[in-house]
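*Asks:* One structure is given below, represented as structure tokens, and several questions about it will come after.
The values are calculated or read from the model by the stated rules, or taken from the named source; none is laboratory data. This structure is a prediction, so every number in the text was calculated from the model and none was measured. Every residue, glycine among them, receives a Cβ derived from its backbone with ideal geometry; neighbour counts consider all protein chains shown.
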Amino acid sequence: MRPLHAVIDVLVVGSAAAALVTALHLYESRLEEQSVVDATRAALSTIRSEMGIHAAVGDVELNEFGHPEVIDPSWFGSTPANNLLANGSAPWLEVANPGEYDRNHPNDPTFRGGRGAMFWYNPARGIVRARVPDQTTDEATLALYESINGEGWEQ
């Protein structure tokens, strides 16, 4: 009977260890994901701050709506604010077309395989939004978008 008990003990301890390693891995992955989300949220805040500073100082031309027409990456020195959720091939910023000036959000809140820019800017409203990668569901994608941009998705 003792060899059977030893085998069962080894299986129980091995299963517990595997469960612990899996739980730790999931926890670390979640921390890493949250870190990327927080960094992207901070980058968005930095862009908004720089827009306000340059508009207030007057070193950038403002459009008829009182906002900078473009956001210049040189405002950020050698390290522009980046959306860490994007892959390296995504363009940095997309400026809304005049037909989109009435919008608070881009037509598509996602990168869609690198076709969308990291950030979307509406110069008529002075609004900057960070795009997000597709998630497993549309609801999860919008929840991530809203979490980063601090606002609900309203077309």
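*Asks:* Report, ordered by the first and then the second residue, all pairs with beta carbons closer than 9 Å, sequence separation of six or more or different chains, a first member in the stretch 1-24 that is of a type in the set (S, T, Y) and assigned to a helix (DSSP H, G or I), and a second member that is at pLDDT 70 or above and exposed (fewer than 10 other Cβ atoms within 10 Å of the Cβ).
*Replies:* As it stands, the answer is none, since no pair meets every condition given.
*Asks:* Can you name the number of the only condition in (1) surrounded by 13 or more Cβ atoms within 10 Å (Cβ to Cβ); (2) closer than 20 Å to A43 by Cα; (3) not aliphatic (A, V, I, L, M) that S74 fails?
*Replies:* Single failed check for S74: (1).
*Asks:* Could you tell me whether any residue of the stretch 120-141 is of a type in the set (A, V, I, L, M, F, W, C) and touching a Leu at 6+ places or on another chain (Cβ under 6 Å)?
*Replies:* So far as the stretch 120-141 goes, yes, one or more of its residues are of a type in the set (A, V, I, L, M, F, W, C) and touching a Leu at 6+ places or on another chain (Cβ under 6 Å).
*Asks:* Sticking with this one: Can you tell me which residue in the stretch 109-122 is farthest from H67 (Cα to Cα), limited to those that are in contact with a Phe, Trp or Tyr (Cβ under 9 Å, 6 or more places away or on another chain) and surrounded by fewer than 21 Cβ atoms within 10 Å (Cβ to Cβ)?
*Replies:* Residue satisfying both the conditions and the ranking: T110.
*Asks:* Another question, then. How many residues are out of contact with any Ser or Thr (no Cβ under 6 Å at 6 or more places or on another chain) and closer than 16 Å to I127 by Cβ when one looks only at the stretch 81-107?
*Replies:* 15
*Asks:* Could you please find all residues in the stretch 103-145 being in a helix (DSSP H, G or I) and touching a Pro at 6+ places or on another chain (Cβ under 9 Å)? Please lay out each step first, then the result.
*Replies:* So the first thing to find is which residues in the stretch 103-145 are in a helix (DSSP H, G or I), and the list is 138-145.
Answer for the stretch 103-145, where residues must be in a helix (DSSP H, G or I) and touching a Pro at 6+ places or on another chain (Cβ under 9 Å): T141, L142, L144, Y145.
*Asks:* For the stretch 98-138: of the residues being hydrophobic (A, V, I, L, M, F, W, C) and touching a helix residue (DSSP H, G or I) at 6+ places or on another chain (Cβ under 6 Å), which is nearest to A55 (Cα to Cα)? Step through it out loud before you land on a result.
*Replies:* Looking only at the stretch 98-138, we keep the residues that are hydrophobic (A, V, I, L, M, F, W, C), and these are 111, 117-120, 124, 127-128, 130, 132.
Now restrict to residues that are touching a helix residue (DSSP H, G or I) at 6+ places or on another chain (Cβ under 6 Å): 128, 130, 132.
Working: V128: 15, A130: 21, V132: 27 Å.
Only one residue tops the list, namely V128.
*Asks:* Looking at the structure I just gave you, is N87 within 22 Å of V37 (Cβ to Cβ), of a type outside the set (D, E, K, R), surrounded by fewer than 14 Cβ atoms within 10 Å (Cβ to Cβ) and touching a Phe, Trp or Tyr at 6+ places or on another chain (Cβ under 9 Å)?
*Replies:* yes
*Asks:* Residue by residue through the stretch 56-92, note down the ones that are touching a residue at least 12 places away in the same chain (Cβ under 8 Å), in contact with a helix residue (DSSP H, G or I) (Cβ under 8 Å, 6 or more places away or on another chain) and not in a loop (DSSP other than H, G, I, E, B).
*Replies:* Answer for the stretch 56-92, where residues must be touching a residue at least 12 places away in the same chain (Cβ under 8 Å), in contact with a helix residue (DSSP H, G or I) (Cβ under 8 Å, 6 or more places away or on another chain) and not in a loop (DSSP other than H, G, I, E, B): P68, W75, F76.
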